[in-house]
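Written out below as structure tokens is the structure these notes cover.
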Amino acid sequence: MFKDNNEKSILFCGHGSNDIKYQNEFSWVVKYIAKKNRDCAIFKCFIEINKPNIREFFKKFSSLENVKLFVFPMLIFKGNHLEIDIKKHLPRNKNIKLCKSIDLNNKVLEVYKNNISINIKSAGIVIITICSFSKNPNVLNELETYTKKLSEYFSVIYCDSCYYGFEHKVFEKLRKIKNKKDIDLVIHPIFLFTGFLYKSVKKKFEYLKFKNIILTKPLMREPMIVDILSQKVAQVTNF
């Protein structure tokens, strides 16, 4: 698995999913970044469902002391998956570095601003952002901050954010909006990959009958955002 030397290694740690699209997209991103960082050994693991899981990975790693390992969580928010599920499995080893991978920074915001702008057909715009549920309040705070920044760019009629499965209050407000046939509804699911939750989001909003429903792509389906991640990996590992 590893060479017991000073070789640099990169570990991408994802949530995991039974969805084949998630699995294929995750593998594609790892292979793409591997091509851009040929001087590093590239590995992957998962918190849940897929193999190897993070616990199995670090059991194999624990006996090696000279391998420099850069761990990149394939997560967007600083929720419990990062703070608990990943950090608790990292061995106390000075050669292991937990790195920041991708977040809703200004570069990501710019990509979605441009993509949404291209697809808008009306002067009236409503933006809804959605992410998976977390008990950690940091997640919703990050989502709301990002949504506000995005909405300020477009001067929207209405914007809101919520967890997947908790959309009922958003639905109530959307039903009250008049002249839906003259308004574009932008549904912006904040997921890295095309998993089950992402694919089911649009169906939840279709019945509202807005003029145009725009569904943004997952982050790792946007080539510019994949390049942002690849560049970040190169910067961290070559520092």
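Before moving on, here are some points about what is shown:
- Those residues of segment 77-92 which are assigned to a loop (DSSP other than H, G, I, E, B), within 21 Å of residue 104 (Cβ to Cβ) and of a type in the set (Lys, Arg), in sequence order: 78
- Given (1) surrounded by 15 or more Cβ atoms within 10 Å (Cβ to Cβ); (2) free of Cβ contacts under 8 Å to residues at least 24 places away in the same chain, number of the condition residue 152 does not satisfy: (1)
- Residue within segment 188-197 that is farther than 21 Å from residue 117 by Cα and exposed (fewer than 15 other Cβ atoms within 10 Å of the Cβ) present: yes
- Residue in segment 46-67 that is assigned to a loop (DSSP other than H, G, I, E, B), out of contact with any strand residue (DSSP E or B) (no Cβ under 7 Å at 6 or more places or on another chain) and not assigned by TED's automatic domain parsing to the domain that holds residue 17 present: no
- Within segment 89-104, the set of residues being closer than 10 Å to residue 76 by Cα and of a type outside the set (Ser, Thr, Tyr) comprises 100, 102, 103, 104.
- Subset of segment 99-116 [touching a helix residue (DSSP H, G or I) at 6+ places or on another chain (Cβ under 8 Å), closer than 26 Å to residue 173 by Cα and surrounded by fewer than 19 Cβ atoms within 10 Å (Cβ to Cβ)]: 109, 113
- Filter result (under 20 Å from the mean Cα position of the chain (by Cα) and part of a loop (DSSP other than H, G, I, E, B)) within segment 93-108: 99, 100, 101, 102, 103, 104, 105
The values are calculated or read from the model by the stated rules, or taken from the named source; none is laboratory data. Keep in mind that what you see is a predicted model, and the values were worked out from it rather than measured. Every residue, glycine among them, receives a Cβ derived from its backbone with ideal geometry; neighbour counts consider all protein chains shown.
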